1. Roughly how many Å² is the accessible area per residue of segment 129-210, as a whole number, for a 1.4 Å probe?
2. Need the full-extension length gain, Asn16 to Val74, defined as separation in residues times 0.36 nm minus the C-alpha distance. One decimal, nm.
3. When the accessible area of segment 26-180 is split by element with a 1.4 Å probe, what percent falls to carbon and sulfur?
4. Run the 1.4 Å probe and let me know the accessible area of Phe34, rounded to the nearest 10 Å².
5. R0 = 30 Å: FRET efficiency of Phe187 with Gln222, Cβ-based, nearest 0.05?
6. Can you give me the Cα centroid spacing of segment 37-100 and segment 121-172 in angstrom?
7. If you take the beta carbon distance between Leu135 and Lys90 as r and set R0 to 22 Å, what does 1/(1 + (r/R0)^6) give as a FRET efficiency, to the nearest 0.05?
8. Rolling a 1.4 angstrom probe over the protein chains, ignoring ligands and nucleic acids, what is the accessible area of Met217 in square angstrom, nearest 10?
Amino acid sequence: MEKPQPVLPASKQATNCAHYDRNCLLLCSVCKDFFPCRFCHDSVKCSPSVAAELRHKFDRASVAKVKCKLCKHVQGVARECESCKAVFGKYFCDKCKLFDNADKKQFHCDLCGICRQGGRENYFHCVTCGCCLSLSLKENHKCIQNMLTSGCPICLEEMMYTREDCVFLPRCSHALHKKCFMELSKFSYQCPMCFKSFVNMSHAYSQLATEIAGNPMPGEYQHRNVTILCNDCDKYVFVCGVGKLMLSFTSWEPGVLRVGLTILA
């Protein structure tokens, strides 16, 4: 009978990590120090307390050595320890140098070049958008060329490799972190990128229409025609007087805010 392979419980890990449950440390190719993961490394080596010239981020792709947490053996990247045979991670990706004992339905996307979580069967890769999206968005999203490379428009942090939930706004499909959207929605109703409304404006425009009806335009302007471009629907509208312009918005129904981006594993 094959001898059971030891797995170190998270509570007894020699070096704690809040991001992954794994039984090895990764060697940084720059500072030559071992860390549980790239996030733990960056929180230390990119800290304001570190001299600017010494700050650097962890390059996971350059990892060539790992150290077993159980027996301290140093070796090349592999799924298990050559010395004590401990499994470093039930999920192991040799391309990303990713180890994790937690089942997050991780999968590697060759087109993204990284591991995602949530189950490969639940996502597809949009070549135009340049990222993996929920299947619910396959025929229901507006493609934006490499939409995640510019970062979140609120906090400016990258979204391609984020571990935060991301959402797509209903009218324009611009993406931002969910937590950033929740803060934005406390004081704004427009996308910070294109200023399209992401809430139902029917009630607001109905109130404006009532006010306009009670304050008619001067006689010389009542029959003047104007053509405007609606920022929400991108259509030109021919209107006669401001009142009809406002009333034309009352039938607009917004889409549903969609959480569609897979989180980095």
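1. Here the per-residue accessible area is 52 Å².
2. 19.0 nm
3. 50
4. Ignoring ligands and nucleic acids, Phe34 comes out at about 60 Å².
5. So, using R0 = 30 Å, E works out to roughly 0.25.
6. Rounded to whole Å, the Cα centres lie 28 Å apart.
7. 0.30
8. Its heavy atoms expose roughly 90 Å² to the probe.
The values are calculated or read from the model by the stated rules, or taken from the named source; none is laboratory data. Note that this is a predicted model, so its numbers are computed, not measured. Note that each Cβ is placed from the backbone with ideal geometry, even for glycine, and that neighbours are counted across all protein chains shown. Quick note on the areas: whole protein, heavy atoms, side chains included, nothing else; ligands and nucleic acids left out. Shrake-Rupley method; radii C 1.70, N 1.55, O 1.52, S 1.80 Å.
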